[in-house]
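Below is one structure; the comments refer to it alone.
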Amino acid sequence: MDFDDAARRYHRELHVYCYRMLGSFDEAEDHVQEVFLRAWRSRDTWQGLANVRAWLYRIATNACLDTLRGHQRRPSQPYPDTLLDELTSDQPGPETQAVTRESISLAYLAAIQLLPPRQRAVLILRDVLDCPATEVADQLDSSVPAVKSALQRARATMADYQANRAAVPSTSDETERRLLQQYIEAHEHADPESLIALLREDVRLTIHPGVGEWRGKPDVAEALRGGMNSRGAWRVLPTRANGQPATVGYVRAAGGTVFRPFVIGVLGIEGDRLVSMTAFEDAHLVSAFGLPATL
C-alpha cells in the first residue's frame, strides 16, 4: 500500500477517532493532517510494516494524548452524519454500525470526557474499534496487563455514568421528523412558546463555545424567550449530526438581505419530547455539512 492509498483508505476513520478523543471537528482535522505528515516523513520505513493501520493509529493516539495532556475538555463541535456515513457504509453488519454511531453521540462524548486521556484511548481502541490488547499496548508503549487494568477502570466509570441515566423512551421516525419540523417552524416564526411546549420538564439547553447552560424547563424557557428573537429573522435547514437530528440556523440581521449561518443545533429527543438542545456557534462548519454558505 502506498501513501496515497493509505490516506484515502484511513482518513475518515482516523478523523472520527481523533474526534472521539478530542470532541472537536476542527482539532480532529488538524490531528489527521499531522498523522499523515508524520507518516509522509517516515514513508521510507513503513512499506515493510505488516499492519499500516495500527501504525497510523499509534501516531494518532500519541498526537491526541500530547494535546490532551494537562487539559480537561468537553465536546465542543458537532460531527456531520454525512461524513460519518463514509465510515459506516464500509462496516460489516448493523451491530458494528450501531456501536460506531452510539460512540459518536453527544452523550457518549460527554461521558468519556470523565476519563483520563490514556483510559479514554484504551476504551475507544478496545471497545469501539475492537483492537487487540497487544496492539493497544504497543500504541501506548505499555503492557497488556496495564491496558487491561486501564480498560477495567474506564468501563467502571462508564458503567456508573450509564447507571445514573434513566431508561430512554423510544422515539419513532415519524415523531422525530414532526418534532424537528416544529422546532424549525418555531424559530422561523419567532415563536418561543411553540418551542417551549415541546420541552420535557428536565430539558437541558447548552450553547457552545462557553456561552452557557440552562437546566429545567422554566430556566430554558426564560432563555428562549430572551434570546430567540434578539438576532434577527431566521431560516433553518434540517440536517443530522452525531447520529441525532440537527439543524443549521441562518440569521438575517435587521436591514440585511442575506441569511448567514450562525448556529448548528443538535437535538436530543426521547419519547415525544425534546430533552436536550445543544447549540454550536460554529458557522464555519456549515461547509462540512454540505449546506450553502448563505441563503
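Bear in mind these aren't lab numbers, they're just calculated from the coordinates by the rules spelled out. The shown structure was predicted, so the numbers you read here are calculated from the model rather than taken from an experiment.
Roughly how many whole Å is it from the C-alpha centroid of segment 209-253 to that of segment 97-147? Value for the Cα centre distance between the two parts: 32 Å. A cut-off of 5 Å between modelled amide H atoms, ignoring neighbours fewer than 5 places along the same chain, links Ile269 with Val275. Rounded to the nearest whole Hz, the Karplus-based 3J(HN,Hα) values (6.51 cos²θ - 1.76 cosθ + 1.60, θ = phi - 60°) of segment 35-41 follow the sequence 4, 6, 5, 5, 5, 4, 5, with x at glycine and proline. Per-residue Karplus couplings for segment 104-111, computed as 6.51 cos²θ - 1.76 cosθ + 1.60 with θ equal to phi - 60°, are listed in order as 10, 5, 4, 5, 5, 4, 5, 5 Hz, Gly and Pro entered as x. Near Thr239, the amide H atoms lying under 5 Å from its own belong to Ala246, Thr247, Val248; only residues 5 or more places off or on other chains count, and H is placed 1.01 Å from N. Mean-square fluctuation check for the chain, GNM, Cα pairs under 10 Å: which of Phe259, Phe280, Phe25 is largest? It is Phe259. Using the Karplus relation 6.51 cos²θ - 1.76 cosθ + 1.60 with θ = phi - 60°, the per-residue 3J(HN,Hα) values for segment 196-205 come to 4, 5, 8, 8, 7, 4, 9, 4, 10, 10 Hz, with x marking Gly and Pro.
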